[in-house]
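Below is one structure, written out as structure tokens, with a few remarks after it.
The values are calculated or read from the model by the stated rules, or taken from the named source; none is laboratory data. Predicted model only: the values in this text are computed from it and were never measured. Neighbour counts are summed over all protein chains in view; Cβ atoms, including those assigned to glycine, are modelled from backbone coordinates with ideal geometry. Note: accessible area is taken over every heavy atom of the protein model, side chains too, but ligands, DNA and RNA are not part of it. Shrake-Rupley method; radii C 1.70, N 1.55, O 1.52, S 1.80 Å.
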Amino acid sequence: MAKHSIDLTPLKKYPDFRNLWAAGLISYLGSMITYVAIPFQIKELTNSYLAVGIVGVIELVPLIVFGLYGGVLADSVNRKKMVWATEAGAMLLVALLLANSMLWEPKVWVIYIAAGLFAVVDGLQRPSADAMLPRLVGHQDLPAATALMSLRWQLGLIVGPTVGGIIFSTFSISAGFAVDMATYVVALVFLARVRSMPSSKEAKKPSLAALLDGVKYAFSRQDLIGTYIIDLAAMTLAMPMALYPFWADQLNAPWALGMFYSAITVGSVLVTVTSGWTTRYRFHGRAVILAAIGWGLAIAVAGLSTSLVLVLLFLTIAGAFDMISALFRANMWNQTIPDHFRGRLAGIELLSYSVGPLAGQLRAATIASATSLSFSVTSGGILCAIVVAFLAFFLPKMWKYDVETNEFAVQERQNRKNLENS
């Protein structure tokens, strides 16, 4: 059993990683309270599928623009300072939502503006945060650190919505925003303890040319670009999150709304805590493709179910497949991308795993409005499985990717070894 358990070595071995991990755990726990509060508050104010789905539209363009720009910045500025500054900016946005929620009639347009600005902050922060990891742990510990970083998000996804639901029902949405602000304060303290992380000597100044160099590098590798395309397709076609508030009502279980948000993450946690096997499986690209197909099929079955228990069960299974995909995608990124490209490629990664869910929310809401909730979920899941299988046919290098023999993995492994021995 021990060989399948999650490896805690990076938390014990690297103090800076431990502080970064703790900061993210606390911050994300609070952020998930706000993440659930936004669609819930809009639904309460408008009772409209589209009004909730519009949040994804508003976030989409800022996330694309500032995700790419944030990736360029991550290769040319101090990554720690960037993460700290954007975390502080997010705290101010929560303060705006708190003030709005305390009005006699909260304004939906204020929530939309805050959602757009959250996308700006996230786009600027995530590439720097992701690019920090390979510098904080040794090369051989990257798979274990990747699993631990995933566990951090998962704990926030499970605990945050659950705590948020309790706060909303017991106190108010305003109380939820206040708790989120408090978590940001604690997270900033932990972040301050992480060592400074200036740009590498090979870093270029922020420019369009630097961004295009990163894009060119990504497209030069079929295995790498495949990870982005597969995840983007899976999330765009089969992400039903915008429908959760309505889905809970349809099953006569509004009290279970937090469970809908947590179910996928429960599946992810089950995979993460037994992720020891992922460090020994060599064919990472194959794992990503098969897991994306499994995600789509599980979502499709959830859409067909009329039982709350079965819906939550298949959402949990979908989450397990999604986590398998996420772990192997992260390993491919962290073990093959050179440090001086890491920020720009992290910006592209941000688009693949963030833009997809946002576009998926709009797709799900639009189809549900035109047809039904069940058709929207099930058709999206089936289409996801078909499209991913079709894409895999045109990505043979991704299917054959072997971490032991892939030229980029071998080269980066040698580069890290030389750096650690110097």
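Some points to look at:
- 1.4 Å probe accessible area per residue over region 182-318, in Å²: 42 Å²
- Over the chain, relative contact order from alpha-carbon pairs under 8 Å, at least 6 apart, %: 27 percent
- Accessible area (Å², per residue) of region 113-162, counting only protein heavy atoms and a probe of 1.4 Å: 25 Å²
- Helix 373-393 axis, angle to the chain major axis (alpha carbon atoms, nearest 10°): 20 degrees
- Of all stretches in the chain that contain no trypsin sites (Lys or Arg not before Pro) in a DSSP loop with at most 10 other Cβ atoms within 10 Å, the longest one is 1-200.
- Peptides 125-134, 176-185 ranked from most to least packed, by the mean per-residue count of other Cβ atoms within 10 Å: 125-134, 176-185.
- Per residue, region 40-101 exposes an accessible area of 39 Å² to a 1.4 Å probe, with every protein chain left in place.
- Here the chain has 70 percent of its accessible surface on carbon and sulfur atoms, given a 1.4 Å probe and all protein chains in place.
- Simple point charges give the picture: +1 on the Cβ of Lys and Arg, -1 on the Cβ of Asp and Glu, and for the chain a dipole about the Cα centre of about 1000 debye.
- Among (i) 55, 27, 17; (ii) 36, 29, 20; (iii) 32, 26, 20, the entry that matches semi-axes √(5λ) of the Cα gyration tensor in Å as calculated here: (iii)
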